[in-house]
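Notes for the one structure printed next.
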Amino acid sequence: MHDNTYLPDHFLRHIAAIMPAHLSMDEFVASCRRPLRRSIRVNTLKISVAAFVARMQPLGWQLDPVPWCDTGFWLSREDESVPLGNTAEHLSGLFYIQEASSMLPVTALFACEQIRRDGMLLDAAAAPGSKTTQIAALMDNQGMLVANEYSSSRLKVLSANLQRCGVTNVGMTHFDAKVFGQWLPETFDAILLDAPCSGEGTVRKDEDALRNWSIESIDEIAAVQQGLLESAFHALKPGGVLVYSTCTLSLQENQAVCQSLQDKFGDAFSFDSLADLFPAAEKACTPEGYLHVWPQIFDSEGFFVARLRKHHSVPNTMFKPGKLGKFPFSPLPVKESEPMLREIEAAFGVVPHGNLFGRSEEIWLFPQLFEQVQGKLRFDRIGLKLAETFKKGYRLTHEWALAYGDGASKGFVELDIANAREFMMGRDVWPEQEAAGTGEVIVRYQGHTLGMGKWVGSRVKNALPRELVRDNNLFV
Ligand code: SAM
């Protein structure tokens, strides 16, 4: 029980006025004070759900399926001495710690039969990346996903999460998401706008979430949300699908924002009913077909999800192409890319997919559809940095290893738990195997990649990026 959860009276009066008749305020308050159940989502870019469950159950992990996400589980662990984020499985990107109700928006987006998994998608407010990584997994790293975030510090966290999870089809941008309707009209097959909001649904994980709550602040943020939704709608192709979501409860930031779009663009789109999204979804369904998840319904955080389909174009008075600096990359000539790809295949038995681009001393793998947005948007990073070049050759990156290392059929070394711990603490290791190798090597623990190393005799020199080095309390 969180007795210190701050639930001011004026907030509770506001909620009581909008709480549906079949739900109780007492249960609302009780659930706000109850700690959240821990939940995770399996990253199917790296491991199947069945293999993950088989790996974790013997370690005392109890995994209870989240009914609206077939890769999501509530988790209880017999031994909690190692923080979840320090487990080997988290460090190698096998799962993402994500609140169960926060899995709903992407489920809603991909439940739409028109969704193109190899299309051009936008995640307009993406950091820290729980939904970006969820979308990328459902796209199976195909097509292209533009992940945008306005806050610089949060952009860095997004980038780290994409790398850890082996995501290769994302282009990251750093703008106020209002620009997408102006710069890229009718560009995206599908859009998620998981909007910045007042976070009324998050009190169960942050007891001070409502410290600065006021009607004025809600109205202010609702105006921002309206602008973001209208812009996202312009950026959506006719025939495309858009999900608008928040982790807040007030009608102003949810139903009223959807209504404002309806008032503007009338029959150019329609909202889908999400009542059948999963068994029991109707318990949270509003008359308009949105999901308004009160925390007591599914014992989760509060959430709101609406899904619309765009039927036809609307006049766009916003359109104004963005200013771009010089694009620093150029496609790698085939005479350079082919030998490199063949060498990687010969050494590791995997072929990186995507288009190879180079700039100064770096070689990158860009997503398949990158050319559709090339010259229209400035990116912070595109796809995956494959290698750094130097006079006599190149060095494959840590992020390449995390994306491709699990699929390697050779050129890897398996560590035991003691060595794996040492490796994650930034130290060189001496694996016990019959013959030492030469050159670069993918370092794995129980079949999943921790990073890159280099053979020096029987020692593997540690090439883990310094910022990923952990001090202690690693693994079970
Ligand atoms: N989708 C994220 C996830 O699932 O991990 C959570 C997104 S959070 C609800 C909203 C994000 O929007 C925050 O990271 C915030 O920094 C960002 N943001 C705030 N104003 C924005 C704007 N005008 N344009 C784009 N992003 C914005």
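Taking residues in segment 184-201 that are over 12 Å from Val146 (Cα atoms), and partners anywhere that are of a type in the set (Asp, Glu) and near the ligand (Cβ under 8 Å from one of its atoms), the pairs with Cβ atoms closer than 8 Å and at least 6 places apart or on different chains are Asp194/Asp123.
Among the residues of segment 231-246, the ones that are part of a strand (DSSP E or B) and over 20 Å from Tyr290 (Cα atoms) come to 2 in all. Counting only residues that are in contact with a Lys or Arg (Cβ under 7 Å, 6 or more places away or on another chain) and within 13 Å of the ligand (Cβ to nearest atom), segment 117-153 holds 4 of them.
Residues in segment 1-22 that are surrounded by 15 or more Cβ atoms within 10 Å (Cβ to Cβ) and of a type in the set (A, V, I, L, M, F, W, C): Leu7, Phe11, Leu12, Ile15, Met19. Listed by first and then second residue, the pairs linking a residue in segment 449-476 that is β-branched (Val, Ile, Thr) to a residue that is not in a strand (DSSP E or B), with Cβ atoms under 6 Å apart and 6 or more places separating them unless they lie on different chains, are Thr449/Ser92; Thr449/Ala401; Thr449/Leu402; Thr449/Gly405; Thr449/Asp406; Val469/Gly426; Val476/Leu59; Val476/Val82.
Residues that are closer than 19 Å to Val42 by Cα, buried (at least 17 other Cβ atoms within 10 Å of the Cβ) and within 13 Å of the ligand (Cβ to nearest atom) do occur in segment 75-96, at least one of them.
Residue by residue, here is whether (1) among the charged types (D, E, K, R); (2) within 12 Å of the ligand (Cβ to nearest atom); (3) farther than 22 Å from Val257 by Cβ holds:
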site: Leu155; (1), (2), (3): no, yes, yes
site: Asp176; (1), (2), (3): yes, yes, no
site: Asp194; (1), (2), (3): yes, yes, no
site: Thr202; (1), (2), (3): no, yes, no
site: Ala209; (1), (2), (3): no, no, no
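Residue pairs whose Cβ atoms lie under 8 Å apart, separated by 6 or more positions or on different chains, with the first residue in segment 413-427 and closer than 16 Å to Trp455 by Cα and the second of a type outside the set (Asp, Glu) and part of a helix (DSSP H, G or I), are Leu415/Phe423; Ala420/Ala88; Gly426/Arg466.
Does Phe298 qualify as being touching a His at 6+ places or on another chain (Cβ under 6 Å), crowded, with 18+ Cβ neighbours inside 10 Å and touching a residue at least 40 places away in the same chain (Cβ under 8 Å)? No; evaluated as a whole, the condition is false for this residue. Just checking, how many residues over segment 165-182 are crowded, with 24+ Cβ neighbours inside 10 Å and in a helix (DSSP H, G or I)? Matching residues across segment 165-182 total 2. Per the conditions (1) more than 18 Å from Gly240 (Cβ to Cβ); (2) assigned to a helix (DSSP H, G or I), the sole criterion not satisfied by Leu228 is (1).
Among the residues of segment 379-401, those that are touching a residue at least 12 places away in the same chain (Cβ under 8 Å) and assigned to a strand (DSSP E or B) comprise Arg381, Ile382, Leu384, Lys385, Leu386, Ala387, Glu388, Thr389, Phe390, Tyr394, Arg395, Leu396. For segment 106-124, does any single residue satisfy the condition of being within 22 Å of Pro465 (Cβ to Cβ), touching a residue at least 12 places away in the same chain (Cβ under 8 Å), assigned to a helix (DSSP H, G or I) and within 12 Å of the chain's Cα centre (by Cα)? Checking segment 106-124: not a single residue is within 22 Å of Pro465 (Cβ to Cβ), touching a residue at least 12 places away in the same chain (Cβ under 8 Å), assigned to a helix (DSSP H, G or I) and within 12 Å of the chain's Cα centre (by Cα). For the residues Arg204, Arg211, the requirement of being in contact (Cβ under 8 Å) with a residue 24 or more places away in the chain, exposed (fewer than 14 other Cβ atoms within 10 Å of the Cβ) and part of a loop (DSSP other than H, G, I, E, B) singles out Arg211. Do we have Gly426 as under 20 Å from Lys461 (Cβ atoms), among the small types (Gly, Ala, Ser) and part of a loop (DSSP other than H, G, I, E, B) here? Yes, satisfied.
Residues are listed down the side, and each one gets a yes or a no for (1) surrounded by 22 or more Cβ atoms within 10 Å (Cβ to Cβ); (2) over 23 Å from Trp68 (Cα atoms):
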| position | (1), (2) |
| --- | --- |
| Ile221 | no, yes |
| Ser231 | yes, yes |
| Ala235 | yes, yes |
| Val243 | yes, no |
| Asn254 | yes, no |
| Gln259 | no, yes |
| Leu274 | yes, no |
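The set of residues from segment 373-394 being modelled with pLDDT of 95 or more and under 20 Å from Trp455 (Cβ atoms) comprises Ala387, Glu388.
The requirement of being out of contact with any strand residue (DSSP E or B) (no Cβ under 6 Å at 6 or more places or on another chain), away from the ligand (no atom under 12 Å from the Cβ) and either touching a residue at least 60 places away in the same chain (Cβ under 8 Å) or within 26 Å of Phe73 (Cα to Cα) (or both) is satisfied by Gly166.
The values are calculated or read from the model by the stated rules, or taken from the named source; none is laboratory data. Not measured: the values here are computed from a predicted model. Backbone-built Cβ (ideal geometry, glycine too); neighbour counts: all protein chains shown.
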